[in-house]
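**Q** Shown below is the structure under consideration.
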Amino acid sequence: MTVTASARRKARHYAMQALYQWHMAGASLNTIEAEFHADNDMSKADVPYFRDLLHGVAKNLDRVEGAFAPHLDRSVDELDPVSRALLRMSTYELLHRVDVPYKVVINEAIALAKKFGPTDAYKFINGILDKTAADLRAAEVAADKNA
């Protein structure tokens with residue numbers, strides 16, 4: 001099966017919500033994942049990608065937060081829950097999903113921030129992810145700027 005951009009977008013949408021729920025409720029990842037399968041039509045989502053994002057963020061949380069935290073103007077704990085979930089998910093993608101161009105990661109995070117985040121959160125997310133991408137994918141960002 002060929003994975004479409006819309007299936008990936010739907011996977012990110014659900015993963016961001018699941019990471020939000022994980023942070024807010026503290027339930028186990030497997031419980032949250034099961035609830036998402038029961039409560040949502042996952043047929044249009046890239047389910048393996050959803051699972052990778054959800055479990056990958058949790059498994060690599062210190063490294064993920066350590067990659068974007070230096071660019072924050074506050075502590076990670078002071079972030080609103082939606083921005084925290086988006087930064088965690090997107091930074092995980094920058095670190096572990098090099099098959100996805102950094103611009104796609106950032107644009108998808110911006111779209112989700114506009115939909116779910118507080119007013120103007122997308123500007124904050126964009127700024128943090130731009131700096132994080134420059135750190136984590138320096139060669140890709142440089143090649144893009146020189147193109």
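**Q** Select one label from [x] 45, 39, 29; [y] 55, 38, 31; [z] 88, 25, 23: the one whose number is Cα extents along the principal axes in Å as derived from the coordinates shown.
**A** Correct label is [x].
**Q** Quick check on packing: order 119-128, 29-38 by the mean number of other C-beta atoms within 10 Å, highest mean leading.
**A** Result, highest mean first: 119-128, 29-38.
**Q** Sort VAL141, VAL3 by heavy-atom solvent-accessible area, probe 1.4 angstrom, most to least.
**A** Correct descending sequence by accessible area is VAL3, VAL141.
**Q** LEU136: accessible area at probe 1.4 Å, nearest 10 Å²?
**A** Near enough 60 Å² of accessible area.
**Q** Could you rank the peptides 101-110, 42-51 by their average count of other C-beta atoms within 10 Å per residue, with the highest value first?
**A** The peptides rank, most packed first, as 101-110, 42-51.
**Q** Using only the Cα atoms of the range 56-121, build the gyration tensor, take square roots of its eigenvalues as a ≥ b ≥ c, and label the shape rounded, prolate or oblate: rounded if a/c is under 1.5, else prolate if a/b is larger than b/c, else oblate.
**A** oblate
**Q** In this model, which of LYS10/LYS145; LYS59/LYS123; LYS103/LYS123; LYS44/LYS123 are farther than 21 Å apart at the alpha-carbon?
**A** From the list (LYS10/LYS145; LYS59/LYS123; LYS103/LYS123; LYS44/LYS123), the Cα-Cα distance tops 21 Å for LYS10/LYS145; LYS59/LYS123; LYS44/LYS123.
**Q** Dipole of the range 1-47, Cα-centred, from +1 at each Lys and Arg C-beta and -1 at each Asp and Glu C-beta, to the nearest 20 debye?
**A** 280 debye
**Q** How would you order 61-69, 20-28, 5-13 from highest to lowest mean count of nearby Cβ atoms within 10 Å?
**A** Result, highest mean Cβ count within 10 Å first: 5-13, 61-69, 20-28.
**Q** At what distance in angstrom do the alpha carbon centres of the range 3-53 and the range 98-147 lie from each other?
**A** A separation of 21 Å, based on Cα centres.
**Q** If you don't mind, another one. Evaluate the charge dipole of the range 66-147 about its Cα centre and quote only its size in Debye, nearest 20, assuming +1 on the Cβ of each Lys and Arg and -1 on the Cβ of each Asp and Glu.
**A** Dipole of the range 66-147, to the nearest 20 debye: 140 debye.
**Q** Once you keep just the Cα pairs under 8 angstrom separated by 6 or more residues, what percentage relative contact order results for the chain?
**A** Relative contact order here is 23 percent.
The values are calculated or read from the model by the stated rules, or taken from the named source; none is laboratory data. This is a predicted model, so every value here is computed, not measured. FYI the Cβ positions are ideal-geometry reconstructions off the backbone, even for glycines, and counts take in every protein chain you see. For the accessible areas, the whole protein counts, side chains as well, though only heavy atoms, and no ligand, DNA or RNA atoms are used. Shrake-Rupley method; radii C 1.70, N 1.55, O 1.52, S 1.80 Å.
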